[in-house]
Amino acid sequence: MRHLAHNGRLVAVSAVAALVLAACGSGTDDPGTQQTSDQQTETHDDMGQDAAGEDPFGALKRAANHVGNDGSAQAVAGGVAAAAGLEGDIESPAAQAYASLATLLQEHVYLAGIAVDMGLSAGLDSREFEAAAAALDENSVELADVVGSVGGEEKRDAFLGLWREHIGFFVNYAEGAAGGDDDMKQQALDNLDGYRQQAGAFFQEVTGGELPADAVAESLSGHIDTLTQAIDAAAAGDTSVFAELKEAATHVGEDGSAKALASGVAAAAGLEGDIEAPAVQAYVTLSTLLEEHVYLAGIAVKTAYSAGLDSPAFEAAADTLDENSVELADVVGSVAGEDKRDAFLDLWREHIGFFVNYAEGAAGNDDDMKQQALDNLDGYRQQAGAFFEEVTGGELPADAVAESLSGHIDTLTRAIDALAAALTG
């Protein structure tokens with residue numbers, strides 16, 4: 001799993017840059033580098049048949065989606081906002097567009113990182129890479145649908161075609177970095193620079209000038225720089241890539257590209273709602289942090305399976321996951337105070353430990369260990385329900401929280417089982 005550490009951050013920023021860059025202009029499809037979503041999904045499903053009936057990448061995406069803006073996050077945010085008296089409508093069209101873009105862009109970063117890892121560790125012609133690419137492509141289609149909702153079907157298709165092609169340039173850079181081929185890296189950079197300009201023109205046109213071309217192009221310079229630095233770190237085997245992957249994901253999340261894009265999209269489409277409203281900010285923050293929790297947990301489990309629980313790589317992955325935990329606790333503390341923040345952090349960290357125990361049991365085919373972990377997680381569900389009911393003054397009923405956490409536990413343990421089957425079976 002050292003490769004995921006390295007290459008995760010690599011395409012982490014690829015997702016970032018790709019997002020705006022790949023949208024550039026009137027694209028053409030390259031049959032030599034692209035697969036249709038249907039083709040990739042078929043490969044995705046085929047691999048799942050060999051992995052205890054479910055492929056790990058699709059399973060991880062489903063687990064992340066369960067807690068993202070379409071799942072637990074909206075319910076939790078609603079309760080938190082009501083308890084704290086935060087102004088704003090989290091169900092407004094503008095708020096929903098903001099949350100969708102933030103979680104989709106962040107997800108693109110993490111899925112791209114996993115796909116690059118599979119490409120470098122298992123090979124670009126491997127089933128593992130094709131399955132990971134299928135999960136990434138599913139996300140790409142979802143992003144294209146958002147573009148299409150504003151720009152129409154033609155712009156949707158142009159975005160999707162160029163996005164897929166553009167991701168290939170980051171893969172080219174990664175190949176060059178891994179092979180020490182400076183010419184290949186420079187060619188990829190030249191291609192990315194060209195797309196940077198096209199991206200600005202594309203988004204200016206799609207949003208009717210709400211997103212100026214120069215501003216979009218300028219913002220992409222930093223994304224490309226960060227991505228290529230991540231790729232170089234990945235090729236060097238630096239475990240700091242875990243933290244860099246998180247940084248890249250955060251950069252395109254609520255405070256980065258997503259917010260600027262959401263603002264332009266909302267203005268261009270005349271969507272009602274205020275994305276700057278405190279309740280909306282809390283909603284998007286919780287959506288991205290909860291989704292990120294699942295991806296970082298999945299990456300940590302994959303690292304444990306590939307490198308070992310005592311490895312520097314796993315330690316780095318676990319540290320990055322814990323950074324996310326602290327950020328979630330800070331959100332709780334902003335509403336309920338320092339004592340409740342600390343209590344939540346202890347409870348949250350403990351539940352992560354139960355998932356690690358489950359992963360150990362899955363790797364060793366130890367059903368008793370898995371069941372004990374599930375029992376502990378069930379106890380956590382009840383504790384968390386009572387905790388959130390208290391801190392929100394009843395706005396989040398204990399039973400509702402516990403029920404939502406049941407889905408989180410079910411989807412993430414399924415992903416862990418799939419990872420164990422794929423990596424240790």
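Could you list, in sequence order, all residues of the stretch 186-215 that are touching a residue at least 12 places away in the same chain (Cβ under 8 Å) and of a type in the set (S, T, N, Q)?
Result: GLN187, ASN191, GLN197, GLN198, GLN204, THR207.
Which ones in the stretch 136-163 are among the acidic types (Asp, Glu) and either outside any helix (DSSP H, G or I) or in contact (Cβ under 8 Å) with a residue 12 or more places away in the chain (or both)?
Correct list: ASP137, GLU138, GLU142, ASP157.
Is it the case that the stretch 177-184 has a residue that's surrounded by 24 or more Cβ atoms within 10 Å (Cβ to Cβ), farther than 24 Å from GLU205 by Cα and not basic (Lys, Arg)? Break it down stepwise before answering.
Kept after step one, since they are surrounded by 24 or more Cβ atoms within 10 Å (Cβ to Cβ), are these residues of the stretch 177-184: 177.
So of that shortlist, the ones also farther than 24 Å from GLU205 by Cα come out as 177.
After this cut, where a residue has to be not basic (Lys, Arg) as well, the list is 177.
Yes.
Mind checking which residues of the stretch 180-199 are over 24 Å from the mean Cα position of the chain (by Cα) and modelled with pLDDT under 90?
Matches in the stretch 180-199: GLY194, GLN197, GLN198.
Give the number of residues within the stretch 232-258 that are charged (D, E, K, R), surrounded by 22 or more Cβ atoms within 10 Å (Cβ to Cβ) and in a helix (DSSP H, G or I).
So the first thing to find is which residues in the stretch 232-258 are charged (D, E, K, R), and the list is 232, 238, 244, 246-247, 254-255.
If we keep only those that are surrounded by 22 or more Cβ atoms within 10 Å (Cβ to Cβ) as well, we get 244, 246, 254.
Now restrict to residues that are in a helix (DSSP H, G or I): 244, 246.
Final tally of qualifying residues: 2.
Based on this model, can you work out whether GLY68 counts as buried (at least 20 other Cβ atoms within 10 Å of the Cβ) and either at pLDDT 90 or above or more than 19 Å from ALA144 (Cα to Cα) (or both)? So that I can check it myself, show each step before the final result.
Working: buried (at least 20 other Cβ atoms within 10 Å of the Cβ): yes; either at pLDDT 90 or above or more than 19 Å from ALA144 (Cα to Cα) (or both): no.
It is false that GLY68 is buried (at least 20 other Cβ atoms within 10 Å of the Cβ) and either at pLDDT 90 or above or more than 19 Å from ALA144 (Cα to Cα) (or both).
Pick from ASP368, ASP410: which is within 28 Å of the chain's Cα centre (by Cα), among the acidic types (Asp, Glu) and at pLDDT 95 or above?
Numbers: ASP368 fails: within 28 Å of the chain's Cα centre (by Cα).
So the residue among ASP368, ASP410 that is within 28 Å of the chain's Cα centre (by Cα), among the acidic types (Asp, Glu) and at pLDDT 95 or above is ASP410.
As an exercise: evaluate ARG341 against (1) in contact with a Gly (Cβ under 8 Å, 6 or more places away or on another chain); (2) of a type in the set (D, E, K, R); (3) in a helix (DSSP H, G or I); (4) touching a residue at least 40 places away in the same chain (Cβ under 8 Å) and give the number of the one condition it does not meet.
(4)
Which pairs turn up if I take residues in the stretch 164-177 that are closer than 14 Å to ILE231 by Cα and look for partners that are outside any helix (DSSP H, G or I) and modelled with pLDDT under 85 with beta carbon separation below 7 Å, at least 6 apart in sequence or on another chain?
These pairs meet every condition: ILE167/ALA22; GLY168/THR33.
The values are calculated or read from the model by the stated rules, or taken from the named source; none is laboratory data. Owing to the predicted nature of the structure, the values given are computational and were not obtained by experimental measurement. Positions of Cβ are backbone-derived with ideal geometry, glycine not excepted, and every protein chain shown enters the neighbour counts.
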